[in-house]
Amino acid sequence: MVHVLVILAHGGWGAILIYGDVKKEISGSKKETTNNVMEITAVLEALKLLKESCEVEIYSDSAYVVNTFNKGWIHNWQQNNWKTSSKEPVKNKELWEELLGLTKNHKVSFIKVKGHSTDDLNNRCDFLATSAIKMI
């Protein structure tokens, strides 16, 4: 089982991949972006690092990402030709399509965690994300 904890800060993202005793930290940033883009990007970049199909638990403080999968929004969007329930085009469609494709390679569970809490891994991801912003 691979555990991935992801977090973002406006313009930055960070993730920690954990497999057994091995941890890998990744992060990145982008100018002129949105929190939603960074939330999706964090999960995308983490899943891209997995070399073979496996069980993955994604821990995220992003209700947007977690609910998109756990509440089936992404499947509704697909069925509705990438339109929301209010008939508006889904924002960041290309990122969602890429993420959906990556989730099909693995058995992925999405778990919501509280942001800015006393959780050491959550705080480390926050540090990675905010540090990445400073590199812009």
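Key figures
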item: Segment 106-115: number of residues that are in a loop (DSSP other than H, G, I, E, B) and surrounded by 15 or more Cβ atoms within 10 Å (Cβ to Cβ); result: 3
item: The one condition in (1) touching a Lys or Arg at 6+ places or on another chain (Cβ under 7 Å); (2) without any contact (Cβ under 8 Å) to a residue 60 or more places away in the chain that THR68 fails to fulfil; result: (1)
item: Segment 102-123 residues that are among the polar types (S, T, N, Q), paired with ones that are in a helix (DSSP H, G or I) (beta carbon under 8 Å, 6 or more apart); result: THR103/LEU47; THR103/PHE69; ASN105/LEU47; SER117/ASN123
item: Test: TRP82 is in contact with a helix residue (DSSP H, G or I) (Cβ under 8 Å, 6 or more places away or on another chain) and on the phi > 0 side of the Ramachandran plot; result: yes
item: Matching residues in segment 51-65 - criterion: being surrounded by 17 or more Cβ atoms within 10 Å (Cβ to Cβ) and either in contact with an Asp or Glu (Cβ under 7 Å, 6 or more places away or on another chain) or not charged (D, E, K, R) (or both); result: VAL56, ILE58, TYR59, SER60, SER62, VAL65
item: Selection within segment 96-126 - basic (Lys, Arg) and modelled with pLDDT of 85 or more; result: LYS104, LYS107, LYS112, ARG124
item: Selected residue [of a type in the set (Ser, Thr, Tyr), closer than 24 Å to GLY12 by Cβ and loosely packed, with under 12 Cβ neighbours inside 10 Å] from THR118, THR130, THR103, THR68; result: THR118
item: Per-region count, segment 17-58, residues in contact with a His (Cβ under 8 Å, 6 or more places away or on another chain), closer than 14 Å to ASP126 by Cα and touching a residue at least 60 places away in the same chain (Cβ under 8 Å); result: 1
item: Residue under evaluation GLY28, criteria (1) out of contact with any helix residue (DSSP H, G or I) (no Cβ under 6 Å at 6 or more places or on another chain); (2) closer than 14 Å to GLY12 by Cα; (3) modelled with pLDDT of 90 or more; (4) not aliphatic (A, V, I, L, M), criterion not met; result: (1)
item: Matching residues, segment 54-83, being at pLDDT 95 or above and of a type in the set (S, T, N, Q); result: ASN67, THR68, ASN70, ASN76, GLN78, GLN79, ASN80, ASN81
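The values are calculated or read from the model by the stated rules, or taken from the named source; none is laboratory data. As the structure is a computational prediction, the values presented were derived from the model and not from experiment. Note that each Cβ is placed from the backbone with ideal geometry, even for glycine, and that neighbours are counted across all protein chains shown.
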